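Single-structure report; data block below.
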Amino acid sequence: MINVIDGGVTAPKGFKAAGVACGLKNNGKKDLAVVCSDDIAVATGVFTTNLVKGHSLQLTMNHIKKGYAQSIVINSGNANACIGGQGNKDALEIAELTAQLLQCNAENVLVGSTGVIGIPLDMSKIRSGIKTSIANLSAEGGHEACEAIMTTDLVPKEIAVEIEIQGKKIRIGGMAKGSGMIHPNMATMIGVITTDANISHNLLDKALKEVVGYTFNRVSVDGDTSVCDMVLILANGKAGNEGISEEDMEYRNFKSALEHVCTYLAKMIAKDGEGATKLIEVKADGAATPDDAYKVVSAVAKSPLVKTAIFGEDANWGRIITAAGYSGADFDPTLVDIYIGDLMVCQNGCALKFDEDKAKEILKEKEVTILINLKKGNYSDRIWTCDFSYDYVKINGSYRS
């Protein structure tokens, strides 16, 4: 049984966090977070597939190869990307200063940065922020850390759950940021997950990669995939369970709880998309292959015409079938049924008389489901996205202001 509990990344035993405003953001909001385990933790991550990668992310990808970490430092307001050797030097200095203050090895510090690309970090502010954060680390600091990683996010995104494994209560906590430049695989999002479970590196890595595949990598806001994006997990074993080392029932229970955490955070990211007014779940059923199902939901989710129609509460299903048609999926258009909510709006690829007033009422809701039934096979997929409002253009037209 999965029980949702209070707290985020500091809900599991042995984790502390802090979030401070060090001046990277002009608005005075928090912009630097530190999350750390009391002891060394098993660690793994999933990273953006964009060929262009930020300097902080490159360092983290290198450090995490050893499979262990103790601390994560994330700044918002600056991506530390595309500035040459200085960016690499700054990322390393962040790790080294954090390690010095926490009395651990620099290779056990993971670094993340998110914000504007192409501007060097103000390292005097970063140094001050790291020192202040580490001085204020606490078991109650998870929420402040969550606030500090936000960029254009309107709401913080965090959750914690508790389950029983091998006779012990184990906890998984998580926080994420993400609002724009979001599309699989990875996007302008950073996720940090902590757990006090005792689990092998191989199984932690396997669980994270599989779960991310159908949670964080099933979120699309605008079709863009950014350069600083990652999901990290630390497992410090403080729960005292004997250890998850086989793909048995205990492993499946852990993975289920991890899925619960990641699903919640992924949906929160889609719901809080830049300028969004609605959370949209796009589902494809009856596909001949898993790839066909994914291609359909991906194309529909990132279609500006579909997204603006949902914002305008217009049941323009023609835009949905058009997006499916150019997705690259193999299907027969004359078999396709489309539903908006529980209302069928297209049958066998053709226009269908439906109640426009009912459709309008469905589209007025804050959460909308689109179902495309291809009727070609037994595979399905789903993706979460949001509508495009006027505010999306306003936010991204002046992002650097």
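Here is how the numbers come out for the structure above:
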item	result
Whichever residue in region 153-182 is at negative phi and modelled with pLDDT under 75 and, among such residues, is surrounded by the most Cβ atoms within 10 Å (Cβ to Cβ)	Ile182
Single residue of Asp381, Asp357, Asp314, Asp387 found to be surrounded by 20 or more Cβ atoms within 10 Å (Cβ to Cβ), charged (D, E, K, R) and farther than 25 Å from Thr289 by Cβ	Asp387
Failed item, numbered, when Ala79 is tested on (1) hydrophobic (A, V, I, L, M, F, W, C); (2) open to solvent by 20 Å² or more (accessible area, probe 1.4 Å); (3) modelled with pLDDT under 95	(2)
Complete set of residues in region 214-266 that are in contact with a Pro (Cβ under 9 Å, 6 or more places away or on another chain) and modelled with pLDDT under 95	Phe216, Asn217, Arg218, Val219, Ser220, Asp222, Gly223, Thr225
Tally, over region 332-354, of residues that are open to solvent by less than 30 Å² (accessible area, probe 1.4 Å) and of a type in the set (A, V, I, L, M, F, W, C)	6
Boolean, Ile74 is assigned to a strand (DSSP E or B), crowded, with 21+ Cβ neighbours inside 10 Å and of a type in the set (A, V, I, L, M)	yes
Selection from region 121-134 of residues that are free of Cβ contacts under 8 Å to residues at least 40 places away in the same chain and either in contact with an Asp or Glu (Cβ under 6 Å, 6 or more places away or on another chain) or within 23 Å of Lys53 (Cβ to Cβ) (or both)	Met123
Residues of region 109-131 satisfying the condition of being surrounded by fewer than 22 Cβ atoms within 10 Å (Cβ to Cβ) and touching a Leu at 6+ places or on another chain (Cβ under 8 Å)	Asp122, Lys125, Arg127, Lys131
Test result for Ile269, over 30 Å from Ile170 (Cβ atoms), open to solvent by less than 10 Å² (accessible area, probe 1.4 Å) and under 17 Å from the mean Cα position of the chain (by Cα)	no
Looking only at region 186-213, and only at residues there that are open to solvent by 10 Å² or more (accessible area, probe 1.4 Å) and out of contact with any strand residue (DSSP E or B) (no Cβ under 8 Å at 6 or more places or on another chain), the one that is modelled with the lowest pLDDT	Gly213
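Results for (1) within 27 Å of the chain's Cα centre (by Cα); (2) surrounded by 24 or more Cβ atoms within 10 Å (Cβ to Cβ); (3) aliphatic (A, V, I, L, M), shown as yes or no for each residue.
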position: Leu279; (1), (2), (3): yes, no, yes
position: Asp285; (1), (2), (3): yes, no, no
position: Asp292; (1), (2), (3): yes, no, no
position: Val297; (1), (2), (3): yes, yes, yes
position: Asp330; (1), (2), (3): no, no, no
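The values are calculated or read from the model by the stated rules, or taken from the named source; none is laboratory data. Nothing here was measured: the structure is a model prediction, and the numbers come from that model. Cβ atoms come from the backbone with ideal geometry, glycine included; neighbour counts cover every protein chain shown. These area figures cover heavy atoms from the full protein model, side chains too; ligands, DNA and RNA do not enter into them. Shrake-Rupley method; radii C 1.70, N 1.55, O 1.52, S 1.80 Å.
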